[in-house]
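Trainee: First the structure, then my questions, so here it is.
The values are calculated or read from the model by the stated rules, or taken from the named source; none is laboratory data. Just so it is clear, the model here is predicted, and its values are computed rather than measured. Neighbour counts are summed over all protein chains in view; Cβ atoms, including those assigned to glycine, are modelled from backbone coordinates with ideal geometry. Protein only, heavy atoms only, side chains kept; ligands, DNA and RNA dropped before computing areas. Shrake-Rupley method; radii C 1.70, N 1.55, O 1.52, S 1.80 Å.
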Amino acid sequence: MSLTDTIGLGFMTFAFFLGAGNLIFPPFAGMLAGENMSFAMLGFLITAVGMPLIGLIAVAKANGKVMALLPAFAATALAIAIYIIIGPAFAAPRTGLVAFEIGARPFISHPDALMMLGGKEFNIAQLVYTLVFFSIVMFLSLFPGKLLDNVGKVLTPVLILLLVGLACSVIILPGFPVNQPVGDYVNSPLTKGIIEGYNTMDTLASLMFGMLIIDLLRKKGVNDAADQTKYLVRAAFIAAGGLAFVYVSLFYLGASAGDFAIGADNGGQILTNYVTHHFGSTGTLMLSAVVTLACLTTAVGLVTACSEFFNELMPSLSYKLLVVVLSVICATVANVGLSQLISISIPVLMTIYPVAIALVLVTFLTERFARPAFSHRMILSVALFFGVFDGLQTAGMDMSFLDFMPLHKEGMAWLLPTALTAIACLFIPHKTMAAK
């Protein structure tokens, strides 16, 4: 591949990861972190940039088979969990909500008007918008063609230019004084930033994107495993650099948002208020158009990928039926609201993320294990076991009996046991040696 092809692959990887939903977390985290922004941002970059980067490299190292050493049932269950999380449960519905928050809300006179439906209150504008949004997603997913690819080719450079301009404005234009940190950002900004990075879901996505990029390289005639690894690693570093640039600027935007953040309960509102103040209605219109199209293309990609996966898993269910069902589920889930959806997703991510991180890290240790299959299964089991407790604690259940464990109160009780298990597995002898 030429240098131009490699750079193009890097920007494509960057576009894969930078769903428009990723724009809403750094500003909100920056606002809450305040003067502790640096530590919070470092933690966020570890899980939102570092781990996806390492995840892509791990997929390259394993030649796309990161789950090969797991039992077939466990590998299938983990893959299903990841596709559900990045698909109909959280990531796909979130695209519709972000498109509403940034692309529609600023232009609606009464965006919070409610109506009763089936004994429950619904936001009228949000309900109508998400139904239309996911109807379009369903149509485009049913009849995928070159239109979406062409939109993506035009949209990605425009989105990158918009983000570069936004980053420059954060540096050049005067902001408000940075506020005092609040909540968990007061005493543990680093670990809170690490956990906040879970929300991007990019470590989970890296396990799928890595395999997708390897398939794309094969289609380009790159069949040698070493060459695939080389180009995927280069693309991963380009994507990681772009993500870090975006996140750092948005973190600072949130920390210095001041009056722009008053009344905001998510980062999308902070971002919209900032752009409207500094760039007027033209800036707001441009931001809303680009983000809406980015959300739309991301949603179509997620629905298409999930439909293809479940169609392969269960051939009796047709691709078109799955598209319709998943689109309806996405529209339904989206109407819990953006802030509520994020709060619901956190306990699930607290449970599954330790497993994904452990899977990525043990991939690099596979050759050092005398019994790699046993080691993989043991380490991931420990990560899942303690991840469940972290998830239950986040969901509000009393897990105080584990307070003696390091990092339990911060929501990372899984880290030390998983690390110790990995170290122990390095010293487990081979079966034949143990028998002697």
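Trainee: Mind checking which pairs have a first residue in the range 172-194 that is among the small types (G, A, S) and a second that is buried (at least 21 other Cβ atoms within 10 Å of the Cβ), Cβ under 7 Å, 6 or more apart or different chains?
Mentor: What qualifies is G175/S256; G183/L32; G193/A29; G193/A40; G193/M41; G193/G43; G193/F44.
Trainee: Are any residues in the range 272-281 open to solvent by 60 Å² or more (accessible area, probe 1.4 Å) and among the aromatic types (F, W, Y), and if so, which ones?
Mentor: Across the range 272-281, the qualifying residue is only F279.
Trainee: Could you grab the pairs with beta carbons closer than 8 Å, sequence gap of 6+ or different chains, first residue in the range 302-316 and more than 16 Å from F90 (Cβ to Cβ), second one among the polar types (S, T, N, Q)?
Mentor: From residues that are more than 16 Å from F90 (Cβ to Cβ), the pairs are T304/S141; S307/S141; N311/S318; L313/T76.
Trainee: Can you tell me which residue within the range 226-263, out of those that are crowded, with 23+ Cβ neighbours inside 10 Å and of a type in the set (F, W, Y), is farthest from C168 (Cα to Cα)?
Mentor: Filtering first and then ranking leaves F260.
Trainee: A further question follows. So which pairs qualify, if the first residue must be in the range 157-169 and within 18 Å of I270 (Cβ to Cβ), the second must be outside any helix (DSSP H, G or I) and of a type in the set (A, V, I, L, M, F, W, C), the Cβ gap must be under 9 Å, and the two must be at least 6 apart or on different chains?
Mentor: Pairs found: L163/L18.
Trainee: While we're here: Does L365 fit the bill of being open to solvent by 40 Å² or more (accessible area, probe 1.4 Å), touching a Leu at 6+ places or on another chain (Cβ under 9 Å) and at positive phi?
Mentor: Working: open to solvent by 40 Å² or more (accessible area, probe 1.4 Å): yes; touching a Leu at 6+ places or on another chain (Cβ under 9 Å): yes; at positive phi: no.
Spelling it out, it is not the case that L365 is open to solvent by 40 Å² or more (accessible area, probe 1.4 Å), touching a Leu at 6+ places or on another chain (Cβ under 9 Å) and at positive phi.
Trainee: Looking at A29, A15 in this structure, which one is buried (at least 24 other Cβ atoms within 10 Å of the Cβ) and either touching a helix residue (DSSP H, G or I) at 6+ places or on another chain (Cβ under 9 Å) or without any contact (Cβ under 8 Å) to a residue 60 or more places away in the chain (or both)? Step through it out loud before you land on a result.
Mentor: Details: A15 fails: buried (at least 24 other Cβ atoms within 10 Å of the Cβ).
That would be A29, the only listed residue that is buried (at least 24 other Cβ atoms within 10 Å of the Cβ) and either touching a helix residue (DSSP H, G or I) at 6+ places or on another chain (Cβ under 9 Å) or without any contact (Cβ under 8 Å) to a residue 60 or more places away in the chain (or both).
Trainee: Has the range 264-271 got any residue that is open to solvent by 40 Å² or more (accessible area, probe 1.4 Å) and either in contact with a strand residue (DSSP E or B) (Cβ under 8 Å, 6 or more places away or on another chain) or under 17 Å from I160 (Cβ atoms) (or both)? Please lay out each step first, then the result.
Mentor: Initial filter on the range 264-271 (open to solvent by 40 Å² or more (accessible area, probe 1.4 Å)): 265.
Next, from what is left, pick out any that are either in contact with a strand residue (DSSP E or B) (Cβ under 8 Å, 6 or more places away or on another chain) or under 17 Å from I160 (Cβ atoms) (or both): none.
Within the range 264-271, not a single residue is open to solvent by 40 Å² or more (accessible area, probe 1.4 Å) and either in contact with a strand residue (DSSP E or B) (Cβ under 8 Å, 6 or more places away or on another chain) or under 17 Å from I160 (Cβ atoms) (or both).
Trainee: Another one. Checking the structure you have, find out if any residue of the range 390-403 is farther than 29 Å from F310 by Cβ, in contact (Cβ under 8 Å) with a residue 24 or more places away in the chain and hydrophobic (A, V, I, L, M, F, W, C).
Mentor: So far as the range 390-403 goes, no, none of its residues is farther than 29 Å from F310 by Cβ, in contact (Cβ under 8 Å) with a residue 24 or more places away in the chain and hydrophobic (A, V, I, L, M, F, W, C).
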